[in-house]
1. At 7 Å along the Cα-to-beta-carbon direction for both residue 65 and residue 9, put a label point, then send me their distance in nm to one decimal.
2. As a test, work out the antiparallel percent of DSSP beta bridges whose residues both lie in the stretch 120-244, rounded to the nearest 5.
3. With label points built 7 Å along Cα→Cβ from the Cα atoms of residue 139 and residue 80, find their separation and express it in nm.
4. Which whole-number percentage describes the relative contact order of the stretch 120-244, with Cα contacts under 8 Å and a sequence gap of 6 or more?
5. How far apart, in nm, are two points set 7 Å out from the Cα along the Cα-to-Cβ line at residue 147 and at residue 192?
6. Which ordering of 4, 106 is given by a fewest-first count of other beta-carbon atoms within 10 Å?
7. Please report 205, 176 as a ranked list, fewest other C-beta atoms within 10 angstrom at the top and most at the bottom.
8. Using a Förster distance of 41 Å, how high is the FRET efficiency between residue 48 and residue 176, based on the Cβ-Cβ distance and rounded to 0.05?
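We did not get these values from a lab; they are worked out from the coordinates using the rules stated. Quantities reported herein were computed from a predicted structural model and do not represent experimental measurements. Cβ atoms come from the backbone with ideal geometry, glycine included; neighbour counts cover every protein chain shown.
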């Protein structure tokens, strides 16, 4: 009944109540005109009042999260943050109310960007061998590139992380995967250390075999600062795990946020 009345309310200004009721008479949604007006005069049920309150919260949560949340994330957020107000909320309830509100989440693209790797003979030795530990700051940095799907397309991010205290010392975000994506992050990290008066000579910089990290200009920047390059094997899921963990879970972000 609630859905039928809501449908009539939505279209009554354009078609009128009686024509809509006549159009519905031959369907499973048939309703008498008197029943429609009687329902309108009736006080909202406890469920209807709860639904209305939930819809306000769902809309607020949806907008606060860049209009990205789908049913699963919305359901978890409601039960996590509003359990005291509403008690347990079924997933099907969240799905139904989101459908009434006309909102839906953003789905991740399945096709991932392709990356290019340098040949093994062009790469320096692996000085880390998956031992991602350091005795002090500025001893071992690891670098990696990850990607985030947005409504405007893929966004690429380079992180350079100091293994000792898990601090990101350099980063860059762009809409391309050119060599400057990685080099700008390295320049940021080195500049910060120079300003702080910290010595980085002898520091080991570890990355995978991505061509951005093996470019001539990137290598020159490392050499100028007396930083030692270390490169892991191609396609090894453990390489650069220190920097990748936590960032490879791609997040969907609307256009204009980044």
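1. Distance between the two pseudo-spin positions: 2.6 nm.
2. Working: 17 of 24 bridges.
Approximately 70 percent, going by the DSSP bridge assignments.
3. Placing both labels 7 Å along Cα→Cβ, they lie 3.6 nm apart.
4. Values: 249 pairs, mean separation 37.2, N = 125.
So the answer I get is 30 percent.
5. Simple spin-label model gives 2.6 nm for this pair.
6. Numbers: 4 19, 106 16.
Going from sparsest to densest Cβ surroundings: 106, 4.
7. Values: 205 25, 176 10.
Exposure proxy ranking, most exposed first: 176, 205.
8. On the way: r = 51 Å, r/R0 = 1.25.
In this case the efficiency is close to 0.20.
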